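The values are calculated or read from the model by the stated rules, or taken from the named source; none is laboratory data. The structure presented is a predicted model; accordingly, all values stated were derived computationally and were not measured. Note that we place each Cβ from the backbone using ideal geometry, even for glycine, and neighbour counts take in every protein chain shown.
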Amino acid sequence: MDATTMAPESTSPLPQLSVGDTLRFVRDVGGPLVARGLIIRRPRVVRALEVAGADRRAVAFMARMRDRYGDGPIQVAIPGRSVALVVSPDHVHEILDSTPHPFHPATTEKRSALDHFQPEGVLATRGPERDARRRLNEDVLEQDRPRHGLAERFDQVVDEEARWIAAQATGAGVLDWDTFERGWERVVRRVVLGDAARDDMEVADLVTRLRKDANWAFAKPVRRGQRRRFHKVLGRYLERAEPGSLAAVLAEHSQDGHIEEPAQQFPQWLFAFDPAGMATYRALALLAVHPRERQVALAEAEADDDHPLLRAAVLESLRLWPTTPGILRELTTEHRWAAGTAPEGTTVMIFTPLFHRHPSLPDADTYSPRRWLDHRSAVDWPLVPFSGGPAMCPGRNVVLTTTSAMLLALHRRLDLTLTEPGRLDPERLPSTLDPYTLEFTAAGRSSERVTASLELEATP
Ligand code: HEM
């Protein structure tokens, strides 16, 4: 515990960024965050941000603000809104642990974005329904089980789609994002909705179109007809409840009718699985430039269904390049800290790269997967790719199971080398990494040969 939690609370307003610092905040942090797309990424912007080293600049700016204004939170003067930036690790823990009251996850900004495609999703829900929807998500996704009850089926689905990706990549001699993403999206639809959805391009198009609208939040009107159509199609998959899919588990847990519109939990799952693909693809790149780590992780995964080091590779990918860089909360009541008091309705923002890449974090800019094997890592210092506390991502174990299975299944079939290794200097990994232009030269390998060679490599 540091001085921030022990100091007495103050009734004066929080320290506020000067006009100059507010403009710098917009240029270095807020602007890039919004420009890259809050709900669905804009690939060209992500590319430009990598070239500009955008997140390094953002982290340096936020660290400077803590030096200048203290432990905060620090108020930003945005017309019509009260916004406060979190700069102290203790405040991150306090805020995430004190969710949903007084720090509610369904902020005004989030609700207006999610209204485009999932107004009844748990993340957008305020009021008494939130508890029941949260419980439903926890139960269906089995949030506390490292391996979901359907994990074996998920492994099989991943393996089948990895075979398709590997065949394409071997034929072309290259693994690129488009090929990977096509295979990954099929995994997602099969795991969430069932095999019948594997090639359902209507669902794919609707989710993409409505997410693009969601990037504009309240600046764009909701396309109610398309949203209705989307929910209707999802409702059919819920009725179908294909065995082996999350749809079947959702149907089972919602059959007594205590949850209104249970199919409206699907959009979050479909949408959130997309960044899981990005994290996997970036993890492939990390493993490509750390061949020794790759050998050890793959050998271990062949022997242990939990794949601890491959899961850690995905977690490192998410630490280095968080797919949710801004965790938001809205104050349900006035709140006091030592630095000052924030009024009810204040949006509190945790900019996760500040903590994930903080200069005082050991090995902040290098690949260090073993930090995730020590469960204290995210307890003492906020490494929060899946958030934390009562609103923590209930899908994290499903994500880590499917993503680590994809890493294993691809490496069983492919030798992968980054075509531009200079983009990932292992001594100082880039602060922003555009997955869309990352490519690997790909050569096929037989799974038998790989398994045998991995066993040999693992022998001390
Ligand atoms: C790389 C992949 C993913 C990451 C990094 C991630 C991360 C997060 C984060 C940071 C939150 C916000 C929690 C907060 O506001 O404190 C969240 C919420 C949520 N995630 Fe994930 N997520 C991922 C994938 C998934 C998947 C695949 C599912 C479902 C299958 C899922 C289900 C949810 C749900 C239902 C919520 C809302 C929780 C609530 O409001 O209580 N997530 N996730």
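Search the stretch 108-130 for residues being outside any helix (DSSP H, G or I) and within 9 Å of the ligand (Cβ to nearest atom), and hand back the single one that is nearest to Ala204 (Cα to Cα). Selected residue: Gly121.
Taking the stated definitions as given, is Thr125 hydroxyl-bearing (Ser, Thr, Tyr) and either touching a Leu at 6+ places or on another chain (Cβ under 6 Å) or more than 26 Å from Gln255 (Cα to Cα) (or both)?
Criteria not met by Thr125.
Quickly run through the stretch 354-369 and pick out the residues that are hydrophobic (A, V, I, L, M, F, W, C) and assigned to a loop (DSSP other than H, G, I, E, B).
So the first thing to find is which residues in the stretch 354-369 are hydrophobic (A, V, I, L, M, F, W, C), and the list is 354-355, 361, 364.
Selection gives Leu361, Ala364.
Out of everything in the stretch 251-266 that is out of contact with any helix residue (DSSP H, G or I) (no Cβ under 7 Å at 6 or more places or on another chain) and in contact (Cβ under 8 Å) with a residue 60 or more places away in the chain, what residue ends up being nearest to the ligand (Cβ to nearest atom)? The qualifying residue nearest to the ligand (Cβ to nearest atom) is Glu261. Entry remark, the stretch 370-399: residues being within 16 Å of the ligand (Cβ to nearest atom) and in contact (Cβ under 8 Å) with a residue 40 or more places away in the chain number 19 in total. Of the residues examined, Val46 is not one that is surrounded by fewer than 19 Cβ atoms within 10 Å (Cβ to Cβ) and among the hydrophobic types (A, V, I, L, M, F, W, C).
Within the stretch 31-51, the set of residues being assigned to a helix (DSSP H, G or I) and without any contact (Cβ under 8 Å) to a residue 24 or more places away in the chain comprises Gly31, Val34, Ala35, Arg44, Val45, Ala48, Val51. Does Thr402 qualify as being polar (S, T, N, Q) and either more than 10 Å from the ligand (Cβ to nearest atom) or not in a helix (DSSP H, G or I) (or both)? In short, no. Residue selection: Gln118 fails the criterion of being modelled with pLDDT of 95 or more and among the polar types (S, T, N, Q). Quick one: in the stretch 273-303, of everything that is over 14 Å from Ala409 (Cα atoms) and either among the basic types (Lys, Arg) or not in a helix (DSSP H, G or I) (or both), which residue is nearest to the ligand (Cβ to nearest atom)? The qualifying residue nearest to the ligand (Cβ to nearest atom) is Arg282. Applying the criterion of being under 18 Å from Ile327 (Cα atoms) and of a type in the set (A, V, I, L, M) to the residues of the stretch 66-77, the residue that is surrounded by the most Cβ atoms within 10 Å (Cβ to Cβ) is Ile74. When Leu270, Leu234 are checked against the criterion of being within 20 Å of Val399 (Cα to Cα) and either outside any helix (DSSP H, G or I) or touching a helix residue (DSSP H, G or I) at 6+ places or on another chain (Cβ under 6 Å) (or both), Leu270 stands alone in meeting it.
Could you tell me whether the stretch 70-79 includes any residue that is at pLDDT 85 or above, of a type outside the set (Val, Ile, Thr) and either under 20 Å from the mean Cα position of the chain (by Cα) or on the phi > 0 side of the Ramachandran plot (or both)? Checked against the condition, which is being at pLDDT 85 or above, of a type outside the set (Val, Ile, Thr) and either under 20 Å from the mean Cα position of the chain (by Cα) or on the phi > 0 side of the Ramachandran plot (or both), the stretch 70-79 yields at least one hit. The set of residues from the stretch 304-325 being more than 10 Å from the ligand (Cβ to nearest atom), outside any loop (DSSP other than H, G, I, E, B) and either of a type in the set (D, E, K, R) or more than 20 Å from Gly183 (Cβ to Cβ) (or both) comprises Pro308, Leu309, Arg311, Ala312, Glu316, Arg319, Leu320. Could you grab the pairs with beta carbons closer than 9 Å, sequence gap of 6+ or different chains, first residue in the stretch 273-289 and polar (S, T, N, Q), second one within 10 Å of the ligand (Cβ to nearest atom)? Pairs that qualify, where the first residue is polar (S, T, N, Q) and the partner is within 10 Å of the ligand (Cβ to nearest atom), are Thr280/Val314; Thr280/Ser317; Thr280/Thr402; Thr280/Thr403.
Of the residues making up the stretch 239-268, those that are among the acidic types (Asp, Glu) and either at pLDDT 90 or above or under 27 Å from the mean Cα position of the chain (by Cα) (or both) are Glu239, Glu242, Glu252, Glu260, Glu261. Note on the stretch 340-378: residues that are out of contact with any Gly (no Cβ under 9 Å at 6 or more places or on another chain) and over 26 Å from Phe25 (Cβ atoms) amount to 14. Scanning the stretch 379-398 for residues that are assigned to a helix (DSSP H, G or I) and touching a Pro at 6+ places or on another chain (Cβ under 9 Å) turns up Asp380, Pro390, Ala391, Arg396, Asn397.
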